[in-house]
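Values quoted throughout were computed directly from the atomic coordinates according to the rules given, and no laboratory measurement underlies them. Because the structure is predicted, anything quoted here is derived from the model rather than measured. FYI the Cβ positions are ideal-geometry reconstructions off the backbone, even for glycines, and counts take in every protein chain you see.
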Amino acid sequence: MTLAELIAQARTALDTAITARQQEQDALMALRSDDNLTEEAVTAQVARRDSADAEVTRRQDALAALEAEQAREDELAALQARTVPAANRAPAYDRVHRVGQDERTYRPDQDRRGAQFERDVAAAFIGDYDAQARLARHMQEERVERGDQLQRAVGTGAFAGLVVPQYLTDMYAPQAQANRPFADAMRTHDLPPQGMQVNISRVTTGSSVDLQSAENAAVAEQDMDDTNLSIPVQTAAGQQTIARQAVERGAGVEAVVLDDLFRRYNTNLDNKVLNQASTGLTNAATAVAYTSGSPTATALYPKVIEGLAGVEGAMLDMASGDNLAVMHSRRWYWMQNALGSTWPLITQPGIIAQTLGANYATAYGRGIRGVLPNGTPVVVDNNIATNLGAGTNEDEIYLVDRQECHLWEDPDAPMYIRAEQAKAASLGVLLVVYGYFAYTHQRYAHARKVGGTGLVAPVFTGQ
């Protein structure tokens, strides 16, 4: 792993620590405003806040150390460039081929698919001097612009598209993934450094308070009880074996494979927190049925409000008010296509009363996509299943308190292993990407899901 990658991970860990510290500070401020606060409770919360603050300092120091190391490496590289022996210095200005305003030998506007380049490669082998000259000129251009990658200038096999000229490599198109919009919106925590289980104590039987029937009579008493919520730490992993020839003679092959593995890791994790048996959001949420043979966005909206009412009804005084609506992109666009002449009777801050919410025009996977008429933010996630119901063509809308959708991740995840010895006999290089995570939506059973025949594949009719 490079210093740049370590610095990126350290910055992510610092951001996570700052978020956790802010959450502890918010909890402390909320506690201080509680009429029933005790000194012990405040002291305990201050300790948790201070612990989170110390973690921020630790992460900050780790990032500063890595950045200082990178600065030193850059300084030494610059120093080395200035102290190269005279015999090894680059030739004089008029003694070297230069690429400036000169046209490249192979250009995307003249050879978009690289056909001319391929023809020249074939012709050079049978003695075509003009083709050899063009290839030689092209290789000199590459030495000027990408000398550090020149040893990987020829691709093979499945990576035939990853060859010079560079513009052909730049056109590499990774396979599109749903990625992790909902997972990024969840309340995140650092995964504990040890153990394969996260345990949370939930009070399931509370105490009792009632009027005293008479002076000196016994006051109400109820023994409290709790239940342990055990959350398994899961391992998500994937691997790819690539030929050593592709690694050593291809252009950027290893980076392409790792990029695809990382994207699939993120998509898999997000899919699990939404759809995993028993614990995924679709299975943890309480159903709110929307049944209709002619569904409309205006008829769906009251069901969304019913779901949000259920969320608050389950959370009571533990509700944060930080609610989310999570839906598939097809549902979000269908709601945007609706037209109407009515609007809510109660206005909301920042929402135009005559509209069914607001679209922020944010790209997929870039955060909150918009808000509903009551101000609830919307997250669009295409890991939501679209094959539900009797007709296998329904999706669902989830309503949650974001602060009660918990996700524990290793700050360094996903990690990868590069193993050469394991596949040495077949000249293969094994790349493995893996990470540990745990999640729960069930600390409080609060989530709601709107589903039913009213959420079949949408027809865009303006309703």
- Note on the structure: A convex hull over the alpha carbons of segment 256-301 yields, per residue, a volume in Å³ of 134 Å³
- Message: Give me the dipole magnitude in Debye, nearest 20, for segment 1-89 about the Cα centre, with unit charges on the beta carbon: positive for Lys and Arg, negative for Asp and Glu.
- Response: 560 debye
- Using 0.36 nm per residue of separation minus the Cα-Cα distance, give me the extension gain between Ser329 and Ser230 in nm, one decimal. 32.3 nm
- Query: Along the three principal axes, how long is segment 315-463 when you take its alpha carbons, biggest first, rounded to the nearest angstrom?
  - Reply: 71, 40, 32
- Query: Hey, quick one: spin label on Val42, modelled 7 Å out along Cα-Cβ, who in segment 309-326 has an amide N within reach, i.e. under 11 Å?
  - Reply: none
- Item | Residues in segment 173-189 reached by a label modelled at Ala30 [backbone nitrogen below 16 Å; 7 Å Cα→Cβ] | 186-189
- Item | Gain on full stretching of the segment that runs from Ala363 to Leu430 - 0.36 nm per residue minus C-alpha separation | 20.7 nm
- Checked against the positive end of the charge dipole of segment 1-89 (+1 on Cβ of Lys and Arg, -1 on Cβ of Asp and Glu, about the Cα centre), the farthest of Leu3, Asn36, Ala62 is Leu3
- Applying 1/(1 + (r/R0)^6) with R0 = 35 Å to the Cβ-Cβ distance of Gln222 and Asn275, what FRET efficiency is obtained, to the nearest 0.05? 0.35
- Note on the structure: Once both label points are put 7 Å beyond Cα along the C-beta direction, the Gln110-Arg443 separation in nm becomes 6.3 nm
- Kirkwood hydrodynamic radius of segment 1-89 from all distinct Cα pairs, in Å? 16.1 Å
